[in-house]
Every structure is written in structure tokens, then in C-alpha cells.
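Undergrad: Following this message is one structure expressed as C-alpha cells.
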Amino acid sequence: MRRHISSVVAFVVFAVLAWGVTAEWTEPGGLVSEARASLDRAGARNPVTAVLLSYRGYDTLLEVGVLLLAIASVWSLRRVPSTEPHGAERPLLGALLELILPLVVVAGGYLLWIGSDLPGGAFQGGALIAGGLVLARLRGAYEPRDGVWLRLGLVAGLLVFVGVAAGTLAAGGRLLEYPEGRASSLILLIEGAAVVSIALTLGAMYLGGRPDRGSDEP
Amino acid sequence: MSPDPYLLAGAALFAIGLRGLLAHRNLLRCLLAINVMGSGVFLVFIAIGARGPLPDPVPQAMVLTGIVVSVCATGLGLALAERLQELTGRAELGEDDP
Amino acid sequence: MLALLDVLLALSLVVLAWGAMADPDLFRAVVKLITLGMVMALVWVRLQATDVALAEAAVGSGLTGALLLSSLRRMRGREAERDGARKGQGG
């Protein structure tokens, strides 16, 4: 019964949506021209990066906050052992990792660096490195401990972002209003810290819970 | 690249995910459904932004943010479902079936 | 010609999404979701959203898939334990 009602509801929703998206749209445009016109003042030649870290920087700040909130919530729900029990059963993965992990780190750093001008950015680079962390975890090569360093890495992105935001307020401007000529360097600073946080957060999310404490706990 | 087939596909994905979310009780399937619905929404956003000669960066940035938040939600949802299973032995909604 | 490619990609998205929701085997459903994400990445490139394509391939498909698969394995493990314990008690 429940299945049939849900199918009917879904079909009605689809009909309404299909009618809506195929309506006669007004001239396409949105904010394309405005966004592209101010790229040099925004500090990035990649318009998506300019939107993310210049025009809508506050949204991205909150997004980094959401990452931290999510991992804090996951940590509060479950504990997981730091060691991966089946790591030794994957020798081929180990051989692959020796080749791939350095490349992953380089590629992630490259995506971060190139993100200002070409497609890329902190999220893409951080996600790639997180993928490397997941592979390393599967092999048993990544056994994170809940200690100062991990926690520092998890909050670094948000800290730097809030710091820059507070700095812009203190310098007399509006929130995240970068000073003239400093925009691209500040964007790189924020993205650099964000890459670390994103990689560690997504890697920690794969664990599914809080790992063992550092050296304090037996 | 006319985005029209993608607009309809986005609407379809949303509806398919919605149907799955309403019909299934298994929490993992509900998380799959939410992911499919999200993909549908992203598709409509970007397809609309791709209509002009140059792609609109604003919906692309929004979808980028959406993807990251989506994976956070999935991760948290999975942790909740596993915790529920650890505590009660089941990862299903509702008490209808034994 | 490219319009045909768009129609085919859009159709494969719908088919994959339907499969992800309708497959009775949960593992196959998750695999279909991962595939959906990968095809999505291609669609993003078609729609000139390259940054989104990078993020979708890495996060939307890769990491979400890894999360779902590892959770699925743990949950099935717990289910098997519970069924084993119950059989031990009932028998």
C-alpha cells in the first residue's frame, strides 16, 4: 500500500517538476556578466573560485563549519579502533600505494594551486587527498589517533577562514572584504588551510567514529 | 549542448529518489534515496546555468557547496544508522514488521 | 550528434537512479549509485562545469561510495552476528 502511494506521489511530483523546468525561460543570464566583469578585483581568474571565495566567501566559511560540525557529530556517536584489522591481507594495495600516494599528494596540491585560474580548488584537492587517506587506511598504513595534531588539522580550515574574516572586519572593511591587491594571496591562504581540514575531515568520516586517543589511553 | 534532456533527467531523479525515500524502511536505502534526490537538484541547477553562451559560475559554486554538505550529511546519517543498529539490532524505520 | 550524446547520458542517469532505488540487493544498489556519480561527472563536463565534475568524481561518487560500502559491510556483519546469536539461543 505504502509503495503504491509513494509511486503516485512521486509521479505527481515529477509531472509538476517537468512542467516547471520546461517552461519558457526568460533570457538566460543570471549573474554571469557581473561575475566575470570583476574577476581581477576578486583575486581569481577561475570564476567559480571567485564566487566561492570572494563574492560568496561567507557561504564557504559556513560550509567549512559544516564539515567540522559533521565530523564532531560522528565522533560523538561512535568509537572505532585506530588499527585496521584486515590491513595486512592487502599486499597488492600496499604496492599500489607506494606508487600512487605520492602522486595523489602532488595532484592534490596541484589542484589547490591551479584552482585560482583553472578548474580546481581546495575542495577538489582536499577530496583527492582524502581518497588517498582512505586507501592508506584500507592497507593499515593510516592509523589516526585522536590527539592534538589531528584536532588541530580538523579545525585549521575554519580557524584560518574566521581569522581572515575577523581581520577584514578589524581593518575597517565589511566581512570578508579583501583589501586591494591582497585578494589572491588571502584566497590562497584560506584554501591552503582548508585543504588540510577537508582531507582530514573526509578521511576521518570514513573511519565512522572517534579513533583511539593518543598515547594516554592503554 | 542543449540542457533540456538534463532538466527532465534532474526532475526524474528527484522523483525517483523521493519515491524510494517514501517507500523504503531500511535506513541505508533512505540515504541512497536522499543522495539521488540531491543529484537531481544539482542537475537542474547546473543545467539552468548552462543555457547561455557562457556557463554561470554562481549555480556551479552552489552545487559545489551542496556536494560537500551532501557527503557530510551522508556520513553523519550512516553513523546514526550504525549507532541505531548497535543499540537496537535493526537499522529500519517504523515498528510495523517484527 | 552531440545532442544524441546528451539524450543518452540523461537516459543512463535515469536508468541508474532507478536501478539504485529498485535493486533488491543493497550492495548492487550502492554500486549503481557510485556509477550514477561517475556518469554525473561526465554530464558536468558536458555542461561546462569542470570544477563540479572534479568534486563530484572525488566526493560525490568516490567518497560517498566508500562511506556507503564500508557501512554496509559493518551493518551486514552485525546482522549476521545477531542472527547467529539468536540461532544459538533458540536452538
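The values are calculated or read from the model by the stated rules, or taken from the named source; none is laboratory data. As the structure is a prediction and not an experimental result, all values here were calculated from the model. Cβ placement follows ideal geometry from the backbone for every residue including glycine, while neighbour counts extend to all protein chains displayed.
Undergrad: Does B:Leu64 satisfy the condition of being over 22 Å from C:Ala20 (Cα atoms) and either more than 8 Å from chain A (Cβ to nearest Cβ) or modelled with pLDDT of 95 or more (or both)?
TA: Considered against the rule, which asks whether it is over 22 Å from C:Ala20 (Cα atoms) and either more than 8 Å from chain A (Cβ to nearest Cβ) or modelled with pLDDT of 95 or more (or both), B:Leu64 comes out as yes.
Undergrad: Tell me which residues, restricted to the stretch C:3-30, are free of Cβ contacts under 8 Å to residues at least 12 places away in the same chain, closer than 30 Å to C:Arg76 by Cα and more than 7 Å from chain B (Cβ to nearest Cβ).
TA: Across the stretch C:3-30, the qualifying residues are C:Val15, C:Ala22, C:Asp23, C:Pro24, C:Asp25, C:Arg28.
Undergrad: Pairs, please: C-beta under 9 Å, at least 6 apart or cross-chain, first residue over 15 Å from A:Val164 (Cβ atoms) and in the stretch A:37-62, second surrounded by 18 or more Cβ atoms within 10 Å (Cβ to Cβ) and charged (D, E, K, R)?
TA: Listed pairs, sorted by first residue: A:Asn46/C:Asp51; A:Pro47/B:Asp56; A:Val48/C:Asp51; A:Thr49/A:Glu191; A:Thr49/C:Asp51.
Undergrad: Something else about it: Pick out the one residue from C:Leu67, C:Leu54, C:Leu42, C:Leu33 that is at pLDDT 95 or above, more than 10 Å from chain A (Cβ to nearest Cβ) and surrounded by 20 or more Cβ atoms within 10 Å (Cβ to Cβ).
TA: Exactly one residue qualifies, and that residue is C:Leu33.
Undergrad: Looking at the stretch A:1-76, what helices (runs of 4 or more DSSP H) fall wholly within it and have at least 3 residues that are within 7 Å of chain B (Cβ to nearest Cβ) and in contact with a Gly (Cβ under 9 Å, 6 or more places away or on another chain)?
TA: So the answer is A:2-21.
Undergrad: Now a separate question. Basic (Lys, Arg), within 30 Å of A:Ser54 (Cβ to Cβ) and within 7 Å of another protein chain (Cβ to nearest Cβ), is that true of B:Arg83?
TA: no
Undergrad: Continuing with this model, one more query. Assuming A:Leu69 fulfils every condition listed in (1) over 28 Å from B:Leu43 (Cα atoms); (2) free of Cβ contacts under 8 Å to residues at least 40 places away in the same chain apart from one, which condition is it?
TA: Tallying (1) over 28 Å from B:Leu43 (Cα atoms); (2) free of Cβ contacts under 8 Å to residues at least 40 places away in the same chain, A:Leu69 fails exactly one: (1).
Undergrad: Same structure, new question: Which of the residues that make up the stretch A:169-204 are buried (at least 19 other Cβ atoms within 10 Å of the Cβ) and closer than 20 Å to A:Asp40 by Cβ?
TA: Across the stretch A:169-204, the qualifying residues are A:Leu176, A:Tyr178, A:Ala183, A:Ser184, A:Leu186, A:Ile187, A:Ile190, A:Glu191.
Undergrad: Of the conditions (1) at pLDDT 90 or above; (2) closer than 22 Å to A:His4 by Cα; (3) among the small types (Gly, Ala, Ser), B:Gly94 clears all except one; give me its number.
TA: The single condition B:Gly94 does not satisfy is (1).
Undergrad: C:Ala20: over 18 Å from B:Leu21 (Cα atoms), out of contact with any His (no Cβ under 7 Å at 6 or more places or on another chain) and surrounded by 16 or more Cβ atoms within 10 Å (Cβ to Cβ), yes or no?
TA: It is false that C:Ala20 is over 18 Å from B:Leu21 (Cα atoms), out of contact with any His (no Cβ under 7 Å at 6 or more places or on another chain) and surrounded by 16 or more Cβ atoms within 10 Å (Cβ to Cβ).
Undergrad: Considering each of A:Ala70, A:Ala44 in turn, give the residue that is crowded, with 18+ Cβ neighbours inside 10 Å, under 26 Å from A:Leu159 (Cα atoms) and modelled with pLDDT of 95 or more.
TA: Step by step, each of A:Ala70, A:Ala44 is checked, and only A:Ala70 is crowded, with 18+ Cβ neighbours inside 10 Å, under 26 Å from A:Leu159 (Cα atoms) and modelled with pLDDT of 95 or more.
Undergrad: Check the stretch B:12-31 and report whether any residue there is surrounded by fewer than 21 Cβ atoms within 10 Å (Cβ to Cβ) and either more than 20 Å from C:Asp23 (Cα to Cα) or among the aromatic types (Phe, Trp, Tyr) (or both).
TA: No: the stretch B:12-31 contains no residue that is surrounded by fewer than 21 Cβ atoms within 10 Å (Cβ to Cβ) and either more than 20 Å from C:Asp23 (Cα to Cα) or among the aromatic types (Phe, Trp, Tyr) (or both).
Undergrad: Return a yes/no flag: does the stretch B:18-27 have any residue that is in contact (Cβ under 8 Å) with a residue 60 or more places away in the chain, more than 10 Å from chain A (Cβ to nearest Cβ), in contact with a Gly (Cβ under 9 Å, 6 or more places away or on another chain) and in a helix (DSSP H, G or I).
TA: yes
Undergrad: Still on this structure: With respect to B:Ser70, determine if the residue is crowded, with 24+ Cβ neighbours inside 10 Å, of a type in the set (S, T, N, Q) and touching a residue at least 12 places away in the same chain (Cβ under 8 Å).
TA: no
Undergrad: Okay, next question. Run down C:Gly77, C:Gly60 and say which single residue is out of contact with any helix residue (DSSP H, G or I) (no Cβ under 9 Å at 6 or more places or on another chain) and within 12 Å of chain A (Cβ to nearest Cβ).
TA: Just a single option satisfies the conditions, and that option is C:Gly77.
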